[in-house]
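The structure appears below as structure tokens.
The values are calculated or read from the model by the stated rules, or taken from the named source; none is laboratory data. Owing to the predicted nature of the structure, the values given are computational and were not obtained by experimental measurement. A quick note on method: Cβ atoms are made from the backbone with ideal geometry, for glycine too, and the neighbour counts reach across all protein chains shown.
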Amino acid sequence: MPPTVQAALVQRLCDALRVPDAIAAEGIVDHALAHGLSATEVHCDIIQPAMAQIGELWAQGLASVADEHVASRVLDLPRFRGVRLMLS
């Protein structure tokens, strides 16, 4: 996946997690998987950078601790278990 597409997916996921919009977040993950990324790549190259970006926003005072917690909870929803199961 081209770096610009990957960066766009990270940004879209970050935005979806901050709203929170679990359906949009799921669509972003599904899109990445459908375009050939493995579960490991989705986790390492899309999900982790999106969560790091939310952490950076918190460090800059642009997001709250609650925003971080909500984002984490969205990723704990059953619809994301498939990615976690693929990793094990």
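Summary table below
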quantity: Qualifying positions in segment 46-78 - modelled with pLDDT under 95, of a type in the set (D, E, K, R) and part of a helix (DSSP H, G or I); calculated: Asp67, Glu68, Arg73
quantity: Residue in segment 26-40 that is loosely packed, with under 13 Cβ neighbours inside 10 Å, on the phi > 0 side of the Ramachandran plot and touching a residue at least 24 places away in the same chain (Cβ under 8 Å) present; calculated: yes
